[in-house]
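Asker: Sharing a structure with you now.
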Amino acid sequence: MEREARAFWIRSPGNGEIRDVVLPEPGPGEVVVRSVCSGVSRGTESIVFRGGVPPNQHAIMRAPFQDGTFPGPVKYGYLNVGVVEHGPPELAGRHVFCLYPHQTRYVVPAGAVSPIPDGVPPERAVLAGTVETAVNALWDAAPLVGDRIAVVGAGMVGCSVAGVLAGLPGGDVQLVDTDPSRAAVARALGVRFVLPEEAEGGCDLVVHASATDAGLARSLELLAPEGQVVELSWYGDRRVSVPLGEFFHSRRLTVRGSQVGAVPPARRARRSFADRLALALRLLANPGFDALITGESAFGDLPRVMPRLASGELPALCHRITY
């Protein structure tokens, strides 16, 4: 077995490098995967890249196959698609998704990879981890048929939520963002796009994913009485201002957090992490999700690409890395 591989590491905040890796020999029940592509989740990975993970969140924010520790050196990432080069017959030669960092080849337990269904291109499947976050958020939110819903923040997570909500029968879904260019993504996903000042109020549910104070304030303004905001933004070490005056009390509004690290209590007894990821992969049969892939770079360019993604110089939803 070829044991040489290369991996992208954050050497220190704002600085990345490619390192040589020697793979271990696969043991019983393990697979060897050759990466085909991976995705940069711009929001979270930018925070990690600039060293913005608060010390009290270091353990919680660990990726499943992370090496090193925050703020660095650390090997971080969780959107990887590859081909199984060695493993049990039912997986050998198959395209799989794994919550693995940016690395050319790797060895993991067979249970850590999920086969990509027929009808889902491997290049689209890099979105599985983010669509899984959307599934988890909607298990938390429990939208109902015919609900009026706003998704505030048309980043990678917000667009994934909107894409899943587009299939809600009778639902009225508006994707809200300050960037008019996100209208094309909304059309591809099958939902309405509106600027914040044009968004319609009276919403039963608002999913907030803009990671801005203004976005959270607008989310509360859009709610009908007794409505709730499901907060998906990850702010890292930034403090945010929440307007809890105005209509917050009189309308009996709710702000609740949702995080993909745990299956919501209402599903926990009946759904596993594997079930949730398998559902996300099935939902990616919708070609509208291709609109979330907004750029592509070669693996060897990551040390130069990541600073541009983190600073916003290179705008992106999901930036795909090819191997």
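Coordinate-derived values only; no laboratory data. Quick caveat, the model's predicted, so the values are computed rather than measured. Glycine also receives a Cβ, built like all others from the backbone with ideal geometry; neighbour counts cover every protein chain displayed.
Asker: Between the alpha-carbon centers of segment 232-269 and segment 18-72, tell me the distance in whole angstrom.
Answerer: Each part's Cα centre sits 27 Å from the other's.
Asker: Between ARG256 and VAL22, what is the label-to-label distance in nm when each label sits 7 Å out along the Cα-to-Cβ direction?
Answerer: 5.1 nm
Asker: I've got another one for you. Rounded to a whole number of µm²/s, how large is the Stokes-Einstein D of segment 179-323 at 4 °C and 1.567 mPa s, given Rh as the Kirkwood radius over C-alpha pairs? Spell out each step's value before the answer.
Answerer: Working: Rh = 18.1 Å.
The calculation lands on 72 µm²/s.
Asker: Using θ = phi - 60° and the Karplus curve 6.51 cos²θ - 1.76 cosθ + 1.60, what whole-Hz ³J(HN,Hα) does each residue of segment 147-157 get, with Gly and Pro shown as x?
Answerer: Each residue's phi maps through the Karplus curve to give 5, 8, 10, 10, 10, 9, x, 9, x, 4, 6 Hz.
Asker: Considering all alpha-carbon pairs of the chain, what whole percent are spaced by more than 36 angstrom? Intermediate values should be presented prior to the final figure.
Answerer: Working: 8945 of 52003 pairs.
The calculated P(r) of the chain puts 17 percent of pairs beyond 36 Å.
Asker: Further question on the same structure: Return the Cα extents of segment 51-195 along principal axes one, two and three, sorted largest first, each rounded to a whole Å.
Answerer: Its Cα atoms span 46, 41, 29 Å along the three principal axes.
Asker: I need the phi-derived Karplus couplings for segment 121-135: 6.51 cos²θ - 1.76 cosθ + 1.60, θ = phi - 60°, integer Hz, Gly and Pro marked x.
Answerer: x, x, 5, 7, 5, 4, 7, 4, x, 7, 5, 4, 4, 5, 4
Asker: Right, next: Go ahead and estimate [θ] at 222 nm for the chain from helices alone: -39,500 (n - 2.57) per DSSP H run with n ≥ 4, summed, over the residue count, rounded to 500.
Answerer: On the way: 8 runs with 74 residues, N = 323.
Per the formula, -6500 deg cm²/dmol.
Asker: Sort THR294, THR44 so that the residue with the fewest other Cβ atoms within 10 Å of its own Cβ comes first and the one with the most comes last.
Answerer: THR294, THR44
Asker: Using mean Cβ contacts within 10 Å as the protection proxy, how do 136-145, 226-235 order, highest first?
Answerer: Top to bottom by mean Cβ count within 10 Å: 226-235, 136-145.
Asker: On alpha-carbon atoms, Rg over Rh for segment 184-256 using Kirkwood Rh?
Answerer: Ratio value, two decimals: 0.98.
Asker: Quick check on the chain: of the DSSP beta bridges with both residues there, what percent are antiparallel, nearest 5%?
Answerer: Of all bridge pairs located within the chain, approximately 55 percent are antiparallel.
Asker: Which Rg and Dmax, in Å, describe the Cα atoms of segment 130-262?
Answerer: According to the Cα coordinates of segment 130-262, Rg and Dmax are 13.4, 39 Å.
Asker: Which Rg and Dmax, in Å, describe the Cα atoms of segment 92-156?
Answerer: 15.5, 46
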